[in-house]
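Data first, discussion second: the structure below is written as structure tokens.
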Amino acid sequence: MIESTPLPLAGPERQLRADAVRNRALLLDAAARLAEERGAAAITMETVAAAAGVGKGTVSRRFGDRNGLLQSLLDRSEIRFQEAFLSGPPPLGPGADPATRLRAFGPALLRHEQHHLDLYLAAEPSPERRFSVPARRLRHRHLVVLLRAALPDADAELLAHTLLSSLDVVLVDHLVRGHGMPLARVEAGWHDVVDRILG
């Protein structure tokens, strides 16, 4: 495995009391049901509290705000995606060379976010928070590690941000739904950019 330092998975949680763990699971189950039945737009602090049979204050204490709730709901699927690129089989996971893993990462992320598009769009954080979301930080760190291995002389930090910006969920939604661009073209664009960077 290329990563030599521990990387935090999505939404690391401090140790919680047993009742807090139960409440958190109850609230996330209620939010997941609402998303399934009515879409992510139906998820508010009030609707989740009502669906879970608790007060709105319980939701606020556990998640802070609606974005925190949506990010926590996404953590379930995000952790599966993270496990795939951190420890899953090649070409996405360890066992393939860095260039191959870079090529595989873009399409895998696109498919993952398209599968959960409604939630990702609803959970898009405000500009001042978007780069501090644990899942986004981990994706960036992963690309930095791969780029450093493939291109030791490159500015891997900046290059990783540049690559990730081409996969931004709002941009991809704009291109696919707003302009009718096939997702396959976005994937091909990722491969083209990565291949040009790697020479």
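The values are calculated or read from the model by the stated rules, or taken from the named source; none is laboratory data. Given the structure is predicted, the values throughout are model-derived calculations rather than measurements. Using ideal geometry, Cβ is built from the backbone for each residue, glycine included, and neighbour counts are taken over all protein chains shown. Note: areas computed on protein heavy atoms with side chains; ligands, DNA, RNA excluded. Shrake-Rupley method; radii C 1.70, N 1.55, O 1.52, S 1.80 Å.
Among the conditions (1) assigned to a loop (DSSP other than H, G, I, E, B); (2) modelled with pLDDT of 95 or more; (3) more than 30 Å from residue 33 (Cβ to Cβ); (4) not β-branched (Val, Ile, Thr), the only one that residue 128 does not satisfy is (2). Checking each residue in the range 70-106 for being touching a residue at least 24 places away in the same chain (Cβ under 8 Å), among the aliphatic types (A, V, I, L, M) and over 17 Å from residue 136 (Cβ atoms) picks out 99, 102.
For the range 20-57, the set of residues classified as under 14 Å from residue 119 (Cα atoms) and in a loop (DSSP other than H, G, I, E, B) consists of 39, 43, 44, listed by residue number. Of everything in the range 65-95 that is among the small types (Gly, Ala, Ser) and open to solvent by 60 Å² or more (accessible area, probe 1.4 Å), the residue that is farthest from the chain's Cα centre (by Cα) is 95.
In the condition set (1) more than 30 Å from residue 146 (Cβ to Cβ); (2) free of Cβ contacts under 8 Å to residues at least 40 places away in the same chain, residue 27 is compliant with all but (2).
Can you pull out the residues in the range 96-105 that are more than 19 Å from the chain's Cα centre (by Cα) and open to solvent by less than 70 Å² (accessible area, probe 1.4 Å)?
As a first pass, look at the range 96-105 and keep what is more than 19 Å from the chain's Cα centre (by Cα): 96-100.
If the condition is that a residue be more than 19 Å from the chain's Cα centre (by Cα) and open to solvent by less than 70 Å² (accessible area, probe 1.4 Å), then 96, 98, 99, 100 are the ones that fit.
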